[in-house]
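Asker: I have a structure I would like to understand better, so I am pasting it below and will then ask my questions one at a time.
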């Protein structure tokens with residue numbers, strides 16, 4: 001007679017985990033995905049800032065003029081783990097006069113892991129950096 005209540009308790013724990021387990025895993029994966037999104041956005045913003053710095057001081061040491069491709073390469077090399085095919089960099093007023101602004105805008109298509117599993121779309125991350133040209 002004592003074996004029967006024990007089996008019932010084991011079944012109760014299984015039912016409780018079946019209810020609480022999916023909620024726990026959704027929260028865990030949500031925290032991981034949110035962290036990846038914030039980190040990727042930070043990398044895009046930092047890379048854009050580094051590209052703008054290169055465009056700002058281009059030619060200050062008498063070196064060759066910097067091209068938009070060189071700025072895009074600097075943006076990509078200043079980031080860790082971003083795919084080149086998903087990154088788009090636009091440079092405005094590159095090679096302008098001293099005291100003018102140069103603007104570097106980056107767009108990155110972030111693909112969430114959850115989106116890959118369920119076939120959802122990408123999230124577009126944007127960054128913009130405007131600096132004064134110094135020569």
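Bear in mind these aren't lab numbers, they're just calculated from the coordinates by the rules spelled out. Treat the numbers as computed from the prediction; the structure is a model and nothing was measured. Quick reminder, even Gly has a Cβ in these numbers, built from the backbone with ideal geometry, and neighbours come from all protein chains shown.
Asker: On a full-extension model of 0.36 nm per residue, what is the gain between residue 28 and residue 57, subtracting their alpha-carbon distance, rounded to one decimal in nm?
Answerer: In short, 6.0 nm is gained.
Asker: Quick one: if you stick a label point 7 Å off each Cα along the C-beta vector at residue 116 and residue 80, how many nm between them?
Answerer: That separation, rounded to one decimal, is 1.9 nm.
Asker: If neighbour count is taken as other Cβ atoms inside 10 Å, put 97, 83 in order from fewest to most.
Answerer: 97, 83
Asker: Summing -39500 (n - 2.57) over the DSSP H runs of n ≥ 4 in the chain and dividing by its residue number, what mean residue ellipticity at 222 nm do you reach, to the nearest 500 deg cm²/dmol?
Answerer: Value at 222 nm, helices only: -18000 deg cm²/dmol.
Asker: Another question, if that's okay. Quick one: what Rg and Dmax do you get for segment 63-135 from the alpha carbons, in Å?
Answerer: According to the Cα coordinates of segment 63-135, Rg and Dmax are 15.3, 51 Å.
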